[in-house]
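A short worksheet on the structure shown next.
The values are calculated or read from the model by the stated rules, or taken from the named source; none is laboratory data. These numbers were taken from a predicted model, which means no experiment stands behind them. Cβ placement follows ideal geometry from the backbone for every residue including glycine, while neighbour counts extend to all protein chains displayed.
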Amino acid sequence: MARIAMTTPLVEMDGDEMTRIIWQMIKDDLLLPYIDLKTEYYDLGLENRDRTDDAVTVESAEATRRLGVAVKCATITPNAARVEEYGLKQMWKSPNGTIRAMLDGTVFRTPIIVRGIEPVVTSWKKPITIARHAYGDVYRNTEMRIDRPGKVELVYTAEDGTEQRELIHQFTEPGIVQGTHNLDSSIESFARSCFDYALSTKQDLWFATKDTISKTYDHRFKDIFADTYENEYRSRFEEAGIEYFYTLIDDAVARVVKAEGGFIWACKNYDGDVMSDMLSSAFGSLAMMTSVLVAPDGTREYEAAHGTVQRHYYKHLKGESTSTNSVATIFAWTGALRKRGELDQLPDLVDFANRLEQATRKTIESGRMTGDLARITTLPNPTTLDTEGFILAIRDTLETGVE
């Protein structure tokens, strides 16, 4: 059977540890037998990022902007222990943070719903989508360790040389300090992406920050969302029969756990990181969530929302069996392939992406799944498969037909 042809490459960003192993299995067993896969490959494994002084991360983001669609494997953001473990030149910044800053997009994360994997919050009947701002905050911060008494100030120097100063803290003992920033243009892009996504999916949009405490930084987000809604989107939301409202982040958490779902929850960068992990775990598993970065020009980068599964990787290196959930990584590939097919008008590629997702769901619903899902499923007598066995079971489902 002839493989499906592609006309434009995807940007392929390889990653680290167990997800790197899964990445290759997915390509070998689920993609290459069916697709004449065209990718522009970038190795974002930690060793190569260190070798290239992280230039490879910048190059991958530039390629994504040029080709329009990318798919990314999970990567390590090194801490001090990782610097020592890998013998790194320095503690490199998050590659996701670098890519998101360059593309200036919004990350939309939605749980993957499968029969037999029920949310732990019993009121949730529909998926809840997290819309995460993808620029600034702690991901682009500057930090200092304060080792003696002294004064730390926030200083703004205008182009004409005039200064504005605010005291951060008068240190009388050692401590720490950090500075974060954001841009009106990026917040405006974030707001429009959220409003557009809500209209395209006909879902209510919630936005939450902590403007009662952060009266300038968070309040600026609130004001830009409110102005953008009133000036550009209110009539369109009313016509679509959907709602936008703002609330404090702690109030939003209280509302979410009592809601039935079916809405979009927009969050600042770090809030979105934490809340998307909470939602994915509560819906079933960190490995059961889609994640796509949508840039203002329509560029998209698909990825898994979880980390590199370090514990399983160490077991793999010892030759021990692992049962690692590959669903989010499979759906990163299918999302990218579907979008590439839509842009290049390749219906066979779109159809394959849809069928692979259906085969993945159908495999789990048949009772064949990885250990993390077997421990929480409501299906009777599930079969726990190892990492590759699960991927091969999906291939078997794909080969035997997907209804």
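Identification of strands (runs of 3 or more DSSP E) wholly contained in the range 261-314 with 1 or more residues that are at pLDDT 90 or above and among the acidic types (Asp, Glu) yields 300-304.
The numbered conditions (1) surrounded by fewer than 17 Cβ atoms within 10 Å (Cβ to Cβ); (2) modelled with pLDDT under 95; (3) not in a loop (DSSP other than H, G, I, E, B) are all true for Glu59 except (2).
The residues of the range 74-89 that are part of a loop (DSSP other than H, G, I, E, B) and in contact (Cβ under 8 Å) with a residue 40 or more places away in the chain, listed by number, are Ala74, Thr75, Ile76, Leu88. Whether any residue in the range 340-355 is over 20 Å from Glu301 (Cβ atoms), among the small types (Gly, Ala, Ser), in contact with a Leu (Cβ under 8 Å, 6 or more places away or on another chain) and in a helix (DSSP H, G or I) is what I want to check. No: the range 340-355 contains no residue that is over 20 Å from Glu301 (Cβ atoms), among the small types (Gly, Ala, Ser), in contact with a Leu (Cβ under 8 Å, 6 or more places away or on another chain) and in a helix (DSSP H, G or I). Whenever a residue of the range 107-128 is in the same structural domain as Lys362 (by TED's automatic domain parsing), its partners that are at pLDDT below 90 and charged (D, E, K, R), lying with C-beta atoms within less than 8 angstrom and at least six residues away or across chains, give the pairs Val107/Arg100. Looking at Leu279, Leu346, Leu317 in this structure, which one is out of contact with any helix residue (DSSP H, G or I) (no Cβ under 7 Å at 6 or more places or on another chain) and free of Cβ contacts under 8 Å to residues at least 24 places away in the same chain? Exactly one of Leu279, Leu346, Leu317 is out of contact with any helix residue (DSSP H, G or I) (no Cβ under 7 Å at 6 or more places or on another chain) and free of Cβ contacts under 8 Å to residues at least 24 places away in the same chain, namely Leu317.
For the range 207-257, a residue qualifies if it is touching an Asp or Glu at 6+ places or on another chain (Cβ under 6 Å) and free of Cβ contacts under 8 Å to residues at least 24 places away in the same chain, and exactly one does: His219.
Among the residues of the range 173-215, which ones are over 18 Å from Ala131 (Cα atoms) and assigned to a loop (DSSP other than H, G, I, E, B)? Answer for the range 173-215, where residues must be over 18 Å from Ala131 (Cα atoms) and assigned to a loop (DSSP other than H, G, I, E, B): Glu173, Pro174, Thr180, His181, Asp211, Thr212, Ile213, Ser214, Lys215.
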